[in-house]
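**Student:** Sharing a structure, written as structure tokens. Questions coming.
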Amino acid sequence: MTDRFTGTPVAMLMTFRKDGTRLPEVIDGRIHPMSLPVTRKILFGGDYNPEQWPEDVWQQDYRLFDAARIDLVTLGVFDWALVQPAEDVYDFTLLDRIVDRASAEGRSICLATGTAAHPPWLARAHPEVTRTDFEGRRHRFGQRHNSCPSSPVFRRLSAELARRIARRYAGNPAIAAWHVGNEYGGACYCDLCAAGFRSWLRQRYRTIDELNSAWYTTFWSHTFTDWDQIEAPSALTEHWRGPDHTAFAGITLDYLRFTSDAMLANFRDEKSAIREYSPDIPVTTNFMGLYRPIDYHRWAPELDFASWDNYPPDDDSAARMALAHDLMRGLKDGQPFWLMEQTPSSTACRDVNPLKRPGLLRLWSWQAVAHGADAVLFFQLRAARGACEKYHGAVIGHAGRSDTRVFREVAELGAELDRLGAASLGARTPARVALLFDWDSWWALEISDGPSRLVRYLEVVQRYHRALWDAGADLDVVPVTADLSRYDVVVAPVLHMLKGDLPRRLEAVAARGGSVLTTFLSGRVDENDNAFLADVPGPLGELMGIRVDEWDARGPDVVNPVRLGSDDRLEVEARLLFELIVPQSAEVIGTYRADFYAGTPAVTRNTFGAGHGWYVGAGLDGTGVSWVVRQVLARHDLLGPASDLPGLESATRVTPDGARLLFLLNHRSEPVEVAARSGGVDLLTGDRVDPGAPLRLSARGVVVLREDE
Ligand code: GLA
Ligand code: ZN
């Protein structure tokens with residue numbers, strides 16, 4: 001077998017143990033980590049389901065893959081029914097042909113375990129594998145992502161399927177990675193899950209007294225005297241209006257944690273089954289970015305590398321995608337991730353499914369790379385003929401043509417990624433800004449009665465992220481447990497829940513000269529969602545140098561203007577939530593202009609050690625947030641090279657051998673010009689760029705500059 005592009009025998013490109021398992025590869029004198037698949041360039045390809053069409057079409061598919069330089073196929077994501085047509089029958093005939101074909105064609109394979117949709121016979125024989133919904137309805141066979149995570153039958157058979165697939169294919173050198181399940185998510189409220197919840201609680205709390213105190217059960221006569229009295233919180237029990245309206249936030253919060261852990265156990269079942277036959281090939285599952293039901297931080301240690309599916313809601317999502325990429329990169333401490341799925345043109349499941357405008361496929365793919373992707377993959381390589389995704393965009397449409405706009409754009413991108421080669425592989429983001437992201441805070445805030453249902457975690461996080469992104473700051477999105485010692489600036493919007501030693505670690509950032517920025521509704525509850533018996537913002541009080549006694553929640557139309565800065569010239573709007581701040585040692589940076597608290601502080605800055613604690617007590621608009629964020633960044637000289645050009649994104653990556661790559665991404669629909677901050681080589685054109693020379697980007701254009709040392 002030879003590599004299609006270089007003609008080099010493939011065996012020379014990868015090293016294997018006698019049993020066929022992979023050794024860490026040494027490229028250019030560097031050992032590549034086992035955690036990510038070893039590659040020589042950014043992998044390019046995507047989900048491919050040839051089991052859905054006749055075999056003579058496969059030939060046509062691969063010739064088109066050649067033309068587009070597609071070098072990886074993700075196979076078997078929904079093949080459970082195909083591979084196991086009955087409980088005691090496994091039949092690999094077709095999957096063998098698919099895998100053999102892909103390897104004979106010299107492609108890498110991301111091989112799925114196929115467990116994300118269970119087959120009809122399984123639901124029929126073992127109804128326990130289906131889910132029970134929030135209203136208590138036991139579902140019958142149908143859909144996908146449909147298995148109860150606590151069902152022993154599901155757990156046994158999904159692991160067995162993964163085991164058999166690994167046993168059969170692990171020796172195939174084309175397998176680059178294992179893809180477990182697909183887009184884990186949702187929830188189940190069946191009796192098996194309720195029992196699973198009770199054992200999860202016993203592990204967490206040990207005694208029923210501990211549980212009662214964590215859940216604050218003295219309220220509304222809820223004191224439990226036996227574990228068996230505990231129900232799953234649902235429409236039939238604690239909830240009074242949908243999954244976010246609960247009488248006991250502590251119970252619902254724990255059920256969210258349990259659900260995430262129960263599905264993680266499913267992932268782990270399959271991963272350890274794979275490991276019995278495949279000790280070294282990396283294992284992943286495709287995440288969904290900013291997805292609330294699963295705490296990806298709790299999952300991250302179990303994955304060898306992170307991967308995710310990017311389906312932005314609209315054309316205007318550049319900042320949101322950057323946030324999601326950074327969150328996904330932050331899962332494995334900055335290690336590169338895979339963009340596992342994106343549509344080349346349109347989605348199908350939305351009410352209205354617009355096309356990606358020309359150039360966006362390229363621009364957004366490069367954006368993923370700029371933020372740490374080592375693979376750029378699509379859903380899907382060829383369009384399904386039937387069922388609900390037949391109108392979903394694909395690299396190859398039903399007619400199998402290569403002379404389409406979409407195919408041309410894909411092929412051009414394939415050629416460009418080839419040209420880049422290994423230049424960006426393994427590169428890291430040299431961030432000095434951290435944005436804290438916390439699923440517990442997200443859940444706790446949004447299942448809370450009061451102060452306001454209108455304050456949404458993601459909206460606030462996105463507003464702060466957008467300001468950082470506009471200012472061109474390279475940033476990491478990290479869990480609250482992350483090591484903060486490498487950052488100059490830590491931004492923690494709505495840090496509702498404070499866990500462990502986080503307050504002390506934030507203080508340490510400020511003490512050594514850094515800046516910590518937090519907002520309204522931070523420092524409110526402990527890890528059980530109980531308020532601190534202290535002034536708000538609880539353990540953040542000293543760092544912020546303030547006290548908050550009251551907070552005013554208002555409807556979306558109520559604006560309280562806030563004046564920012566000492567020259568009183570900037571007046572911005574604030575909405576939804578207005579905290580009444582009593583400064584202790586902090587100086588006032590912004591003040592309310594209306595209502596009975598007009599003239600009182602809305603934004604403060606406290607000197608703490610050699611640094612600052614910033615507190616934004618009101619729901620400032622984008623202009624206000626941007627002003628505050630730029631004050632903070634400027635102090636640390638962290639404004640990016642294109643911070644004054646809206647819509648021109650910049651991102652930096654540093655390769656393992658120390659080269660700095662500057663990515664410039666023009667999200668505007670007109671050309672833009674920016675002066676090179678240093679000389680270097682444009683890696684996409686090969687052109688030399690002098691320091692200060694104008695870099696011209698066409699509408700939706702991209703520049704990747706390897707900067708001189
Ligand atoms: C998800 C799934 C795919 C497919 C796409 C369609 O990402 O993983 O199987 O359904 O959505 O957009
Ligand atoms: Zn269940």
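**Student:** Condition check: under 27 Å from Y277 (Cβ atoms), within 16 Å of ligand 1 (Cβ to nearest atom) and surrounded by 21 or more Cβ atoms within 10 Å (Cβ to Cβ). Does S151 satisfy that?
**Tutor:** Considered against the rule, which asks whether it is under 27 Å from Y277 (Cβ atoms), within 16 Å of ligand 1 (Cβ to nearest atom) and surrounded by 21 or more Cβ atoms within 10 Å (Cβ to Cβ), S151 comes out as no.
**Student:** Residues of the stretch 521-531 being open to solvent by 10 Å² or more (accessible area, probe 1.4 Å) and either touching a residue at least 24 places away in the same chain (Cβ under 8 Å) or more than 20 Å from Y205 (Cα to Cα) (or both), which ones?
**Tutor:** Result: R524, V525, D526, E527, N528, D529, N530.
**Student:** Restricting attention to the stretch 183-199, and to residues there that are part of a loop (DSSP other than H, G, I, E, B) and either within 10 Å of ligand 2 (Cβ to nearest atom) or touching a Gly at 6+ places or on another chain (Cβ under 9 Å) (or both), which single residue is farthest from L290 (Cα to Cα)? Walk me through it before giving the result.
**Tutor:** Taking the stretch 183-199 as the starting set, the residues that turn out to be part of a loop (DSSP other than H, G, I, E, B) are 183-190.
Retained after the next criterion (residues that are either within 10 Å of ligand 2 (Cβ to nearest atom) or touching a Gly at 6+ places or on another chain (Cβ under 9 Å) (or both)): 187-190.
On the way: A187: 17, C188: 21, Y189: 23, C190: 27 Å.
Within the stretch 183-199, the match that is farthest from L290 (Cα to Cα) is C190.
**Student:** Moving to a separate point now. Between residues in the stretch 681-709 that are among the polar types (S, T, N, Q) and residues that are in a loop (DSSP other than H, G, I, E, B), which pairs lie under 8 Å by C-beta distance while being six or more apart or on different chains?
**Tutor:** Listed pairs, sorted by first residue: S698/P671.
**Student:** Can I ask one more? Where in the stretch 459-542 are there strands (runs of 3 or more DSSP E), lying wholly inside it, with at least 3 residues that are assigned by TED's automatic domain parsing to the domain that holds M328?
**Tutor:** none
**Student:** Determine which member of the set L290, L331, L323, L363 is aliphatic (A, V, I, L, M) and within 15 Å of ligand 1 (Cβ to nearest atom).
**Tutor:** L290
**Student:** Take the stretch 477-493 and flag every residue that is surrounded by fewer than 24 Cβ atoms within 10 Å (Cβ to Cβ) and not aliphatic (A, V, I, L, M).
**Tutor:** P479, T481, D483, S485, R486, Y487, D488
**Student:** Based on this model, can you work out whether S307 counts as within 16 Å of ligand 1 (Cβ to nearest atom), of a type in the set (G, A, S), under 15 Å from the mean Cα position of the chain (by Cα) and more than 27 Å from R40 (Cβ to Cβ)?
**Tutor:** no
**Student:** Same structure, new question: Residues that are open to solvent by 20 Å² or more (accessible area, probe 1.4 Å) and away from ligand 1 (no atom under 16 Å from the Cβ): list the helices (runs of 4 or more DSSP H) wholly contained in the stretch 30-134 that include at least 3 such residues. So that I can check it myself, show each step before the final result.
**Tutor:** On the way: elements: 55-68, 80-83, 93-104, 120-125.
Result: 55-68, 93-104, 120-125.
**Student:** Within the stretch 645-685, track down each residue that is of a type in the set (D, E, K, R) and either at positive phi or open to solvent by less than 10 Å² (accessible area, probe 1.4 Å) (or both). Working first, answer last.
**Tutor:** Initial filter on the stretch 645-685 (of a type in the set (D, E, K, R)): 649, 653, 657, 660, 668, 670, 673, 677, 682.
E649, R653, listed by residue number.
The values are calculated or read from the model by the stated rules, or taken from the named source; none is laboratory data. The model shown is predicted, which means the values in this text are computed figures rather than measured ones. Please note: Cβ atoms are built from the backbone with ideal geometry, for glycine as well, and neighbour counts cover all protein chains shown. Side chains are part of the model used for accessible areas, which takes the heavy atoms of the whole protein and leaves out ligands, DNA and RNA. Shrake-Rupley method; radii C 1.70, N 1.55, O 1.52, S 1.80 Å.
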